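Read the figures in this text as sums done on the coordinates, not as results from a lab. Because the structure is a prediction, the values reported are computed rather than measured. As a convention, Cβ positions derive from the backbone with ideal geometry for all residues, glycine included, and neighbour counts pool all protein chains shown.
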Amino acid sequence: MRIHVVDHPLVAHKLTTLRDKRTDSPTFRRLADELVTLLAYEATRDVRTEQVDIESPVTATTGVKLSHPRPLVVPILRAGLGMLDGMVRLLPTAEVGFLGMIRNEETLKAETYATRMPDDLSGRQVYVLDPMLATGGTLVAAINELITRGADDVTAICLLAAPEGVEVMERELAGAPVTVVTASVDERLNEDGYIVPGLGDAGDRMYGTAG
């Protein structure tokens, strides 16, 4: 597994505001959207393309376009949904799938409760969206599901990561074709499983809490 921490002043600036507990939900959503687009720019450096012949207003020339099959973007519900617009803004022709994951409170393992993706992902580049790589359990389960369907090039885009989650992914996905792109690898997880310093519960801060 490869991890890429995006080192850019605009990324650091937006992340600082996301961390601030005074940032309200509308501002949080907007900044998360902008940050995802910056992360997506780095994450798609190796997106597959093919040569195409075109006519410019001046002359014939060649360029590139995204290869087929098109990339697949898969947000992990619910918080990953808040990252979707920022991703497809950069990849408007990508296809979109969905993966709903929830932790089983008895086994403490992530389980799938909803999925909408092609059964065969052979030859597809897949971009998984999940704001927080905390314990790593959810992303490992999600990526294993993609690999089971034949994906051979998976990139996870996360706003933040914890060292513990990175370690779990490196252990559980050893040898798998996986890249993690994130704005920061923070200090640690606390006893409640939150990333420190982190930014709190990304889903709650994007959408508020429903009682």
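Any residue that is under 15 Å from the mean Cα position of the chain (by Cα) and not in a loop (DSSP other than H, G, I, E, B) - is there at least one of those in the range 58-72? For the range 58-72, residues under 15 Å from the mean Cα position of the chain (by Cα) and not in a loop (DSSP other than H, G, I, E, B): present.
Residues of the range 15-54 that are β-branched (Val, Ile, Thr) and closer than 24 Å to Asp201 by Cα: Thr16, Thr17, Thr23, Thr27, Val36, Thr37. Residues in the range 117-132 include at least one that is over 17 Å from the mean Cα position of the chain (by Cα), without any contact (Cβ under 8 Å) to a residue 60 or more places away in the chain, buried (at least 22 other Cβ atoms within 10 Å of the Cβ) and not in a strand (DSSP E or B). Does the range 133-155 hold any residues that are among the hydrophobic types (A, V, I, L, M, F, W, C), within 26 Å of His68 (Cα to Cα) and in a strand (DSSP E or B), and which are they? Residue satisfying the conditions is Val154 alone.
Have a look at Met206, Met169 and point out the one that is touching a residue at least 60 places away in the same chain (Cβ under 8 Å), among the aliphatic types (A, V, I, L, M) and either more than 16 Å from His4 (Cβ to Cβ) or in contact with a Cys (Cβ under 7 Å, 6 or more places away or on another chain) (or both). The conditions single out Met206. The residue pairs whose first member lies in the range 25-53 and is on the phi > 0 side of the Ramachandran plot, whose second member is of a type in the set (Asp, Glu), and whose beta carbons are closer than 8 Å, counting only pairs six or more residues apart or on different chains, do not exist in this structure. Scanning the range 23-60 for residues that are among the basic types (Lys, Arg) and within 13 Å of Gly82 (Cβ to Cβ) yields Arg29, Arg30.
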